[in-house]
1. By a straight-distance test (C-alpha under 13 Å), which aspartates and glutamates pair with residue 67 as possible cross-link partners, with residues fewer than eight away in the same chain excluded?
2. What's the exposure ranking of 138, 162, going from fewest to most Cβ atoms within 10 Å?
3. What whole-number distance in Å separates the alpha-carbon centres of segment 151-207 and segment 219-273?
4. Note down the magnitude of the dipole of segment 238-356 about its Cα centre, charges +1 on Lys and Arg C-beta and -1 on Asp and Glu C-beta and zero elsewhere, to the nearest 20 debye.
5. Counting Lys and Arg as +1 and Asp and Glu as -1, what is the net charge of the other residues whose Cβ lies under 10 Å from the Cβ of residue 173?
6. Compare the Cα positions of 225, 546, 522 along the charge dipole of segment 200-554 (+1 at Cβ of Lys, Arg; -1 at Cβ of Asp, Glu; about the Cα centre) and return the one farthest towards the positive end.
7. Suppose a student asked you for the relative contact order of segment 200-554, using Cα pairs under 8 Å spaced at least 6 residues apart; what percent would you report?
8. Mind sorting 355, 393, 447, 285 by how few other Cβ atoms lie within 10 Å of their own Cβ, fewest first?
Amino acid sequence: MTRKDLLVTPHRLKVLGALAAPMSVIAALALTSPAHAAPQPQLAVHGDVVKALAQSVRTGDVAPTDKKDVTVSLAVRDQAGLQSFLKQVSDPKSPQYKHYLTVKQFADRFGASDKTISQVTDYLKGQGLAVGKVSANHLTVTASGSAQQLEKAFNTHLATFHDNHAARDYFANTSAPTLPATFASQVVDVAGLNNYTVHSHFSHANPAVKPSATADASAGLDPTSGKAAYDLTGLNGNGYTGSGQTIGLVEFSSYDQSDVDAYDSNYGLNVSAPTVVPVAGGTTDSSGAGEVDLDIQVIQALAPGANIKVYEAPNSTAGDEALYSQLVSDNVPIVSISWGQAESGTTDSQRSADDNTYQEASAQGQSYYAASGDSGSDDAGNGGTSVDYPASDPYVTGVGGTTLSANSDGSYAGETAWSGSGGGTSTFYSAPSYQSSLGITQREVPDVAAAADPSSGWAVYTGGAWQEIGGTSGAAPNWAAFTAVYNQYAAAKGGAKFGFANPTIYNLAGGSNYGSAFHDVTSGSNGAFSAGTGYDQVTGWGSYDGQNFITSSLG
């Protein structure tokens with residue numbers, strides 16, 4: 001090599017500079033581009049596809065501009081720790097017995113972490129979705145956007161279908177939603193990607209009693225006869241009317257307050273008007289107004305001092321999950337649920353999301369009562385045996401139905417199992433610890449029962465007329481009203497509130513006071529199952545005797 005070869009001329013400097021500049025740009029791109037170019041690994045949300053797709057015909061696509069609301073449900077942090085706490089708080093021998101958590105304590109110990117919430121909300125915003133509030137329990141995030149945005153965000157497609165079996169149209173995601181692997185495992189459900197789920201209410205008018213503009217004392221239970229039948233007259237007379245207690249009602253329909261006012265006026269009830277709490281936009285659907293009227297009026301008849309909050313949400317899975325998240329975030333002490341669906345019609349992800357909130361309710365000492373359904377042992381209506389959800393969830397108290405008989409003075413004369421009382425064995429849930437004495441492997445329902453046969457139903461004012469209405473929809477608020485009376489009595493005597501109901505119910509039913517605290521229903525059937533001595537899959541442990549139940553528990 002000569003000196004001439006080594007000489008760098010001005011011309012060569014320009015050429016080298018021209019070459020060097022692109023190299024620096026390439027180097028910079030090498031540091032930044034892969035993070036943007038390489039797609040993030042995605043994981044699917046387990047069990048988040050409607051099972052009915054297998055029996056449905058695809059009819060088209062959801063319009064890209066259609067706006068949809070979703071509820072993203074997050075996983076419980078430290079599930080093992082929560083299970084341990086629930087076991088202790090339900091064990092009379094544990095020092096933790098009935099020492100429940102506040103919402104903040106639950107969120108701090110078991111809610112999703114701040115990191116997870118930030119990852120989820122940042123991702124949703126980055127996909128162009130409008131993100132709503134994060135629930136106080138740190139388990140749900142709401143969001144909304146166009147169908148096109150949701151498809152992109154969750155890497156799925158929204159199509160329309162016709163279900164040949166159910167003879168109905170709906171839309172749904174064609175595949176499980178997926179999310180970045182960095183936080184996908186912390187998401188248990190994305191509700192709102194389908195509208196297949198519709199909750200049914202369980203109330204039925206007595207066809208033998210025509211609607212009337214005037215009250216007929218013989219057409220159903222009223223505040224006097226209802227309290228007499230379930231031994232609440234003396235308690236109410238001594239001031240135990242549920243005063244200071246709050247009952248939340250799960251509703252997917254609106255109602256007319258004027259109907260409730262007419263009921264109160266007819267019976268001279270001095271009660272506070274219910275408070276409506278809209279969730280996820282509330283609802284304008286009034287098709288289930290009679291159900292709401294039944295729920296409210298049964299509670300006002302038996303626990304006129306209780307405050308009632310009517311939680312209204314759209315009749316959808318997204319509305320369902322947002323509503324239950326709101327109930328636990330508000331820590332409503334007592335909740336009555338008269339809407340449900342066949343357990344087989346739920347998705348794994350829906351049940352997981354709901355179950356997390358029911359576990360939280362139990363940890364916070366909330367009492368949840370759900371109607372067990374009005375289709376007997378065949379809740380799905382397919383000729384087999386099946387149960388209703390959410391009554392089948394182990395952290396919910398399933399309430400079955402009876403046919404009630406009263407003496408001439410209105411006092412309790414007896415009950416038989418109502419043929420429509422939902423009951424049987426869960427397909428999805430193992431037997432909880434409180435059912436261990438039954439020697440079973442799967443969860444059985446119902447847990448308890450109350451009057452439900454429309455022929456011995458409740459006098460209800462709805463749609464501007466009096467009707468006699470029954471169904472397990474009348475039994476669930478009956479138990480909720482009794483719990484309000486129980487809790488007021490417990491507070492006055494320095495005792496613990498009812499709290500997570502099932503351990504309290506099963507502990508008392510398994511003791512020497514069972515015969516006085518409960519009305520054991522021993523005859524009748526719901527199809528596949530028959531009532532009998534003690535626990536059965538038609539009426540559970542039976543109905544309550546208010547005075548004796550309370551004194552047996554609280555003295």
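Nothing in this text is a laboratory measurement; each read-out follows from the coordinates by a stated rule. Here the structure is a predicted model, which means the values were calculated and not measured. Neighbour counts are summed over all protein chains in view; Cβ atoms, including those assigned to glycine, are modelled from backbone coordinates with ideal geometry.
1. Filter leaves 151.
2. Lowest to highest Cβ neighbour count: 162, 138.
3. 37
4. Dipole of segment 238-356, to the nearest 20 debye: 340 debye.
5. Neighbour charge sum, excluding residue 173 itself: -2.
6. Of the candidates, 546 comes out farthest on the positive side.
7. Reported as a whole number, the value is 23 percent.
8. Details: 355 20, 393 24, 447 29, 285 13.
So the ranking, lowest neighbour count to highest, is 285, 355, 393, 447.
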